[in-house]
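Have a look at the structure below, then the notes.
The values are calculated or read from the model by the stated rules, or taken from the named source; none is laboratory data. Everything numeric in this text was worked out from a predicted model, so none of it was measured. Heads up, the Cβs are rebuilt from the backbone with ideal geometry, glycines too, and the neighbour counts pull from every protein chain shown. Note: areas computed on protein heavy atoms with side chains; ligands, DNA, RNA excluded. Shrake-Rupley method; radii C 1.70, N 1.55, O 1.52, S 1.80 Å.
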Amino acid sequence: MITFEEAYNTVMAHVFRTGTEQVKAGDAVGRALAVPVKSDMDMPPWNKSAVDGYACRHEDLGSELRVLETIAAGVLPLKEVTPGTCSRIMTGAAVPAGADYVFMLEDSEEKEGGTVRFTGRAGNTNIAKAAEDLRKGQTALREGQYIRPQNAAVLAVVGATEVTVSCRPTVGIISTGDELVEPDRMPAGAQIRNSNASQLMAQVSRAGAIGKYYGIARDEEAAIEQLMSMALKENDVVLISGGVSFGDFDLVPGVMRKLGLSVHFDQVAMQPGKPLTFCTGEKKAVFGLPGNPVSVFVQFEVMVRPYLDRMVGVTAETPHILMPLAADYSRKRAERLAWIPFIVTPSGEALPVEYHGSGHISALPEAWGLLTIPRGQNWIQKGEMVSVRQI
Ligand code: AMP
Ligand code: MG
């Protein structure tokens with residue numbers, strides 16, 4: 001059995017990249033940028049007023065000033081500000097030549113005969129300098145990041161109406177188990193509903209990849225092999241749940257070898273999800289996930305999702321966020337890295353939710369995230385910092 005870190009490094013060492021494609025900026029949110037986007041202009045394009053007020057020379061702040069013109073956003077100034085003068089200016093308008101300060105309307109006293117006096121205390125210039133946000137030709141968005149709504153605004157600012165993104169990975173999903181029926185059936189006798197397929201399809205789609213479900217394989221080598229070879233042919237990655245834990249009917253690792261894949265590991269010292277199998281072939285990867293739904297959920301988040309990220313060139317590690325534990329935590333055995341679902345208390349601490357183990361899928365919807373208990377540690381005191389991630 002290898003450690004989580006060893007398993008993680010092995011998985012990440014076997015990433016292969018998807019291709020790239022051009023998409024319209026409006027379709028790009030959620031996609032990973034493959035080519036940097038550069039700015040085609042300076043932003044702001046000119047010195048810009050950040051407030052409604054009067055543009056003047058800083059050294060004239062103590063004098064009564066003659067108002068030359070009014071500069072609205074969208075028109076360029078016509079007059080240069082000279083000693084003893086100023087121009088009325090609106091937020092977002094270009095600051096006229098000669099001016100190096102804008103005082104706010106709130107800090108001004110307008111006089112009869114078209115003059116104005118500054119009544120406030122001098123401080124910030126209230127001018128955004130030309131090109132202080134972006135220079136023409138500067139990289140506005142790096143490659144290797146997902147495009148979020150805020151990135152969409154940057155695309156608009158620099159006039160990038162089309163962008164080059166990585167193709168979404170395709171992911172085949174297979175369930176195994178003679179006990180499984182699909183969610184639209186009422187389980188009878190020893191049956192249970194297949195929850196892993198629905199969960200994995202949703203996780204894959206949230207990760208920005210394209211999931212395709214292949215159904216339930218009965219616990220027979222031939223049935224698993226048939227669905228697996230179909231899913232492998234049609235996808236970059238295959239996720240198969242159940243049948244990996246070496247019980248009498250756990251056939252998945254054997255099938256993988258038979259299909260000519262290299263099996264890199266089949267057990268990881270983590271909880272939940274010890275029986276994780278990772279296999280690769282030529283531009284193919286298979287994750288043999290455990291059967292229990294919480295294990296599947298966690299394994300996907302901590303192993304498969306970072307793999308899919310790297311397939312599209314996104315290499316940022318999940319940030320290491322520390323939170324204080326809200327209650328003492330203890331466990332009997334400490335040989336595995338544990339992931340525990342928790343909620344955030346009103347005072348900002350991490351409180352583990354009631355959790356009966358890796359079959360207890362109804363514990364997850366309430367949870368804000370997962371916290372980790374390191375290997376070798378079986379006791380953590382309230383108030384100690386634990387590493388967490390959102391789910
Ligand atoms: P296995 O790894 O096949 O031994 O399965 C471990 C546990 O997970 C068993 O209790 C299975 O019934 C359960 N399980 C396996 N596959 C699924 C699934 N697709 N949905 C819900 N539970 C499952
Ligand atoms: Mg099974």
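Could you list, in sequence order, all residues of region 252-276 that are without any contact (Cβ under 8 Å) to a residue 40 or more places away in the chain and within 15 Å of ligand 1 (Cβ to nearest atom)?
Of everything in region 252-276, those that are without any contact (Cβ under 8 Å) to a residue 40 or more places away in the chain and within 15 Å of ligand 1 (Cβ to nearest atom) turn out to be PRO253, GLY254, VAL255, MET256, ASP266, PRO275.
Return the pair list, or none, for Cβ contacts closer than 9 Å from residues in region 294-309 that are farther than 16 Å from ILE173 by Cα and modelled with pLDDT of 95 or more to residues that are basic (Lys, Arg) and surrounded by fewer than 24 Cβ atoms within 10 Å (Cβ to Cβ), at least 6 apart or on different chains.
VAL302/ARG389
Can ALA285 be described as under 27 Å from GLY144 (Cα atoms), within 14 Å of ligand 1 (Cβ to nearest atom) and either of a type in the set (A, V, I, L, M) or open to solvent by less than 30 Å² (accessible area, probe 1.4 Å) (or both)?
Considered against the rule, which asks whether it is under 27 Å from GLY144 (Cα atoms), within 14 Å of ligand 1 (Cβ to nearest atom) and either of a type in the set (A, V, I, L, M) or open to solvent by less than 30 Å² (accessible area, probe 1.4 Å) (or both), ALA285 comes out as no.
From the list GLU349, GLU384, GLU354, pick out the single residue that is at pLDDT below 95 and open to solvent by 20 Å² or more (accessible area, probe 1.4 Å).
GLU354
Would region 219-241 turn up any residue that is modelled with pLDDT of 95 or more, within 15 Å of ligand 1 (Cβ to nearest atom) and touching a Pro at 6+ places or on another chain (Cβ under 8 Å)?
Within region 219-241, one or more residues are modelled with pLDDT of 95 or more, within 15 Å of ligand 1 (Cβ to nearest atom) and touching a Pro at 6+ places or on another chain (Cβ under 8 Å).
Go through (1) over 20 Å from the mean Cα position of the chain (by Cα); (2) under 30 Å from LEU141 (Cα atoms) one by one and return the number of the condition ALA34 breaks.
Among (1) over 20 Å from the mean Cα position of the chain (by Cα); (2) under 30 Å from LEU141 (Cα atoms), the lone unmet condition for ALA34 is (1).
Mind listing whichever residues of region 32-73 are among the charged types (D, E, K, R) and in contact with a Gly (Cβ under 7 Å, 6 or more places away or on another chain)?
Passing the criteria: LYS38, ASP40, LYS48, ARG57, ASP60, ARG66.
Given the structure, is TRP339 modelled with pLDDT of 95 or more and open to solvent by less than 80 Å² (accessible area, probe 1.4 Å)?
Judged against the criteria, TRP339 is a match.
What is the residue count in region 198-254 for residues that are part of a helix (DSSP H, G or I) and touching an Asp or Glu at 6+ places or on another chain (Cβ under 6 Å)?
Total satisfying the criteria: 1.
Looking only at region 170-182, decide whether some residue is away from ligand 1 (no atom under 16 Å from the Cβ) and either open to solvent by 10 Å² or more (accessible area, probe 1.4 Å) or more than 19 Å from ASP309 (Cβ to Cβ) (or both).
Yes, the conditions are met somewhere in region 170-182.
Tally the residues that are within 14 Å of ligand 2 (Cβ to nearest atom), touching a helix residue (DSSP H, G or I) at 6+ places or on another chain (Cβ under 7 Å) and of a type outside the set (Gly, Ala, Ser), restricting the search to region 158-210.
Count: 3.
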